[in-house]
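Read the figures in this text as sums done on the coordinates, not as results from a lab. What you see is a predicted model; the values in this text were computed from it and never measured. Cβ placement follows ideal geometry from the backbone for every residue including glycine, while neighbour counts extend to all protein chains displayed.
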Amino acid sequence: MRGLVLLALPLSLVVLASVGCGTDERRETPVRVRVPEVVGWGEVDAINRVVKAKLCVSDISYVAGQPVSPSLVIEQRPKAGALVRPGLRTKLFVSVGNGTGIGAGINVMYLGGGETHGECPPTRHQFAAPPP
């Protein structure tokens, strides 16, 4: 029959061993959402799609001189497919057509800006040069 071996350790070593060894803290992975593709979409549908993805539309720039039908999104930032935090402010560039004035499809009410979408700050509307 084998004998039983007892090991006596000072209490301070036992406490240190249980506190200092391999902490099991788990960090939460930040929630990310994918930026939807809205280039080629109409302005209102694009805004709705961005908001549905839990993002904000902070700026809409109306761009003249583009060979694209009025009121279509011609550029977006950030780019489609990017993984970003919910609530991120996005920017849309919307065509006003080939002319220099407001295209037939642009909702003039929007030019004042200030509308909000859910928890987002008011959207700014402006005329701008084509995106670089």
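Structure data summary
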{"quantity": "Charge tally in the Cβ shell below 12 Å around Asp59, where Lys, Arg are +1 and Asp, Glu are -1, Asp59 excluded", "calculated": "+3"}
{"quantity": "Protection proxy ranking of 42-48, 70-76, 82-88 - average other beta-carbon atoms within 10 Å, highest first", "calculated": "70-76, 42-48, 82-88"}
{"quantity": "Difference of contour (0.36 nm per residue) and Cα-Cα distance, Ser69 to Glu119", "calculated": "14.9 nm"}
{"quantity": "Trypsin sites (Lys or Arg not before Pro) restricted to DSSP loop in the range 23-95 with at most 13 other C-beta within 10 Å", "calculated": "Arg26, Arg27, Arg32, Lys79"}
